[in-house]
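Read the structure below first, then the notes.
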Amino acid sequence: MNRAICPGTFDPVTNGHLDIIERSAGLFDEVIVAVALNPEKRGGPLFSLEERESFLRDATAHLPNVTVQSFDGLLIQLADELGAHVIVKGLRAVSDFESEFQQAQLNHRLDTKVETMFIMAIPEYTYLSSSAVREIAALGGDVSGMVPASVVDALAKRLKLAR
Ligand code: PNS
C-alpha cells in the first residue's frame, strides 16, 4: 500500500490545497490529509481544528482514497504511526522553497525512510494562500473561486461576528 500524507494548517483550506490533494490522490493508493493543531501560529488559527477538518472532509468527499485527520506533534511521528513513507507538499513560488527545504531536511534527519515530495502549484493558484484569503475576506473582498463555497460562507459568518 502506497500511503502519503498531505500535511498543513489549512486555516482555511484553499482551492490550491485541494488541487495538490487531488493530484496526490491520483498518484498514491491512499492519501491522509493531516491537519495540524498549530496553536503557536501567530494570533492563533481563525478556524478551530474541527472546523478545518470539516471543510476538508466536505471538499474531499468525492475522493475515495482520501481521509482527513488531525495531529498535534511531530509530522514524522504521524508518518510512522500511519505507515506512510511519503510527505507531499505543494510549492507555489521560490519563496516557499527555503522553509520547505528546511522542513524536508529536518524530517529526513528525523527519519530517513520518509521522503518529502513536492508538487508544483498550477499557475492560477500560485498566488493563493490561506493568509491572503483571510485578509481579503476580512477586508470585504470576494474570495469565491479561491476556496470551496462552504468556506466562503463560513468566512463571511466568522468575520461578521468578529466585526
Ligand atoms: O500549512 P502550513 O502551516 O505550512 O503547514 C506546516 C506544517 C503543519 C506541515 C508543519 O508546521 C509541520 O509539519 N508541523 C508539525 C511539527 C513538526 O513535525 N515539526 C518538525 C518539522 S519542521
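I'd like the residue in the range 134-146 that is assigned to a loop (DSSP other than H, G, I, E, B) and in contact (Cβ under 8 Å) with a residue 40 or more places away in the chain and, out of all such residues, is surrounded by the fewest Cβ atoms within 10 Å (Cβ to Cβ).
Gly145
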- Query: closer than 24 Å to Ile76 by Cα, part of a helix (DSSP H, G or I), of a type in the set (Ser, Thr, Tyr) and open to solvent by 50 Å² or more (accessible area, probe 1.4 Å): does that describe Ser131?
  - Reply: no
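Just give me the residues in the range 147-163 being part of a loop (DSSP other than H, G, I, E, B), over 14 Å from the mean Cα position of the chain (by Cα) and touching a residue at least 40 places away in the same chain (Cβ under 8 Å), in sequence order.
Applying the first criterion (part of a loop (DSSP other than H, G, I, E, B)) to the range 147-163 yields 148, 163.
From the residues that got through so far, the ones that are over 14 Å from the mean Cα position of the chain (by Cα) too are 163.
Listed by number, the list is empty, since nothing qualifies.
More than 13 Å from the ligand (Cβ to nearest atom) and open to solvent by less than 60 Å² (accessible area, probe 1.4 Å): does that describe Ala149?
Values: more than 13 Å from the ligand (Cβ to nearest atom): yes; open to solvent by less than 60 Å² (accessible area, probe 1.4 Å): no.
In short, no.
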Output for Cβ contacts, cut-off 7 Å, separation at least six or different chains, first residue closer than 17 Å to His17 by Cα in the range 91-112, second aromatic (Phe, Trp, Tyr) and part of a helix (DSSP H, G or I), reads Leu91/Phe97
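If you check Ile21 against the conditions, is it among the aliphatic types (A, V, I, L, M) and touching a Ser or Thr at 6+ places or on another chain (Cβ under 9 Å)? Walk me through how you get there before you give the answer.
Values: among the aliphatic types (A, V, I, L, M): yes; touching a Ser or Thr at 6+ places or on another chain (Cβ under 9 Å): yes.
For Ile21, the condition - among the aliphatic types (A, V, I, L, M) and touching a Ser or Thr at 6+ places or on another chain (Cβ under 9 Å) - is met.
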Every listed condition ((1) open to solvent by 30 Å² or more (accessible area, probe 1.4 Å); (2) touching a strand residue (DSSP E or B) at 6+ places or on another chain (Cβ under 9 Å)) holds for Cys6 save (1)
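Tell me, which strands (runs of 3 or more DSSP E) wholly within the range 1-102 include 2 or more residues that are of a type outside the set (Lys, Arg), away from the ligand (no atom under 12 Å from the Cβ) and farther than 14 Å from Ser130 by Cα? Don't jump to the end; show me each part of the working.
Numbers: elements: 3-8, 30-36, 66-71, 86-91.
Here the list reads 30-36, 66-71.
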Going through the range 21-52 in order, the residues found to be modelled with pLDDT of 95 or more, closer than 21 Å to Val86 by Cα and within 15 Å of the chain's Cα centre (by Cα) are Ile21, Glu22, Arg23, Ser24, Ala25, Val31, Ile32, Val33, Ala34, Val35, Ala36
Output for Cβ contacts, cut-off 7 Å, separation at least six or different chains, first residue among the hydrophobic types (A, V, I, L, M, F, W, C) in the range 42-58, second at pLDDT below 95 and crowded, with 16+ Cβ neighbours inside 10 Å, reads Leu46/Arg158
Do we have Arg109 as assigned to a helix (DSSP H, G or I), modelled with pLDDT of 95 or more and surrounded by fewer than 13 Cβ atoms within 10 Å (Cβ to Cβ) here?
yes
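The values are calculated or read from the model by the stated rules, or taken from the named source; none is laboratory data. Note that the structure is predicted; figures quoted are calculated from it, not measured. In this analysis, Cβ positions are derived from the backbone assuming ideal geometry, glycine residues included, and neighbour counts consider all displayed protein chains. Quick note on the areas: whole protein, heavy atoms, side chains included, nothing else; ligands and nucleic acids left out. Shrake-Rupley method; radii C 1.70, N 1.55, O 1.52, S 1.80 Å.
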